1. For residues in the stretch 57-85 being assigned to a strand (DSSP E or B) and of a type in the set (F, W, Y), which is nearest to L157 (Cα to Cα)?
2. Suppose the filter is open to solvent by less than 40 Å² (accessible area, probe 1.4 Å) and more than 25 Å from the chain's Cα centre (by Cα); does A434 pass it?
3. Can you list residue pairs whose Cβ atoms sit under 9 Å apart, with the first residue in the stretch 88-99 being under 15 Å from T31 (Cβ atoms) and aliphatic (A, V, I, L, M) and the second being assigned to a strand (DSSP E or B) and open to solvent by 40 Å² or more (accessible area, probe 1.4 Å)? Count only pairs 6 or more apart in sequence or on different chains.
4. Going residue by residue through the stretch 333-346, is there one that turns out to be open to solvent by 40 Å² or more (accessible area, probe 1.4 Å) and at pLDDT 95 or above?
5. Could you list all residues from the stretch 153-192 that are under 14 Å from G206 (Cβ atoms) and of a type in the set (A, V, I, L, M)?
6. Only one of these is over 29 Å from A338 (Cβ atoms), buried (at least 20 other Cβ atoms within 10 Å of the Cβ) and of a type outside the set (G, A, S): Y165, Y134, Y144. Name it.
7. Looking at this structure, is G226 closer than 15 Å to V145 by Cβ, of a type in the set (G, A, S) and over 19 Å from the mean Cα position of the chain (by Cα)?
8. Please give the number of the condition S440 fails out of (1) surrounded by 13 or more Cβ atoms within 10 Å (Cβ to Cβ); (2) of a type in the set (S, T, Y); (3) out of contact with any helix residue (DSSP H, G or I) (no Cβ under 6 Å at 6 or more places or on another chain).
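The values are calculated or read from the model by the stated rules, or taken from the named source; none is laboratory data. In this text the structure is predicted, and so the values were computed from the model without any measurement. Positions of Cβ are generated from backbone atoms using ideal geometry, with glycine treated the same way; all protein chains shown enter the neighbour counts. Areas reflect the complete protein model, heavy atoms only, side chains present, ligands, DNA and RNA absent. Shrake-Rupley method; radii C 1.70, N 1.55, O 1.52, S 1.80 Å.
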Amino acid sequence: MRRVRCLLLTLLLPAVLVTGVAEAAPAPTVTAIPANAGKGWPVSGAEGVLDLAGRGYVEQEYLVSGQADTYAQDGLWTDDGRWATHVATTGNPYTTRMVVVRPSDPARFNGTAVVEWLNVSFGVDIPVDFSQSYEHFLREGYAYVGVTTQKAGADKLKSLDPARYGTVDIGSDSLSYDVFSQAAQAVRTHPELLGGRTPAVVLGTGHSQSALRLTTYANAVQPVRGVYDGLMIHGRAALAAPIGDSVIGPLSARIRTDLGVPVFVLQSETDVVASASVRQDTARVRTWEVAGTAHADRYGLDLYNAANARDRSINDGAPTTCDKPVNSMTFRYAENAAFAHLDRWARGGAAPPLATPISLLLGLFIRRDADQNALGGIRLPDLDAPVAAYAPNNSGGNVPGACLLLGTTTPLSAARIRQLYPDHATYVGKFTAAADRALSAGYLLPADRDEAVARAQAAPIP
């Protein structure tokens, strides 16, 4: 368990005195990247991996250039997140890229843009939150914007496709916070990014290492820049990223309770032990822990493996393999519901429902049932009517460190399946009841409930 926690924190790594919203740097310039530039596609993009056109969407890529501020910490940063900082330097030039996925018919845009701080834990931009929730975004008319925010992602772009990304440059990760702020500015001030539309709501999101940086962003930058209407912090540990050039940030960080926008903290089983000390539910912060899930899973990996085969950005494009089957729990359903709640919350609607946390023993071990599935937490129908045991960590594999975060799926024995579900009707009945409980609790969207029940009806169980 100690090794799991240490490696998770390694991969996750690479308040402001609130006196009103501070004046930001001038809005950045935006330049469209020709579709046929360089190799002819966006690195880590969705086109060619998903049928966007068939769903009424287009993918376009842009260069974004501006001058970023850097920040420095003031005083002691305590775990309440009420952190003081100051602008350390100004006028630092940068050029980054945005991948925009939006409705091809601007009239279908629902008014919400989701801006993702692309994850670089494996040395290249990975759109983790898009890989989980693209179905929800596309069916509901969201615009999605993936932003290269850190130096590692920028450098990798140039090495993979210098003809397309030769001007991309982020000098250091100390620029990342203002780059992320200016991404929101660009979305708000350049209607061409969204097909001529201006968003009513801009949500920021990030996973894993990006979640640690968003924790710092929420506590130290959002209060004075004020450019996001809500934040999704997905897969965080208790610590936060440094604000400047230091290597280590605060070791314990809650989200400040005086923040003017809502923050949703969304956690998998893998994340819980490393974050249990900063659990919180307040008027502006909601935390969900999703039982049976892993930091990354089969659903997201399938999408990224396809993109990686095209881009050859990790392991020369080979798919990621692990010692055991990767976790296939339906985390995406909870993330879809979380985005729907955050969107409504950011528009002034009701706060998301509270959720029971995953049950821990001594704060270090997850309590489990007889089938070795977690107790407590968000209960999705695939867990409450199980056909497998779902664990948060794996081993081995061809990408160092990845499998530890990808979890496992271990099918229940045929005898146990028969004991639980003597016939198919019993399985469908139990699964449907579990889906309806999750729907009623607000942890499952109607469209996902219907998809899940249809899967159960088609499954050869027992």
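1. If we take residues in the stretch 57-85 being assigned to a strand (DSSP E or B) and of a type in the set (F, W, Y), then Y62 is nearest to L157 (Cα to Cα).
2. Yes: the conditions hold for A434.
3. Going by the 9 Å Cβ cut-off, the qualifying pairs are M98/Q60; V99/Q60.
4. Taking every residue of the stretch 333-346 in turn, at least one turns out to be open to solvent by 40 Å² or more (accessible area, probe 1.4 Å) and at pLDDT 95 or above.
5. V179, A183, A184
6. Matching residue, one of Y165, Y134, Y144: Y165.
7. No, not satisfied.
8. Result: S440 passes all but (1).
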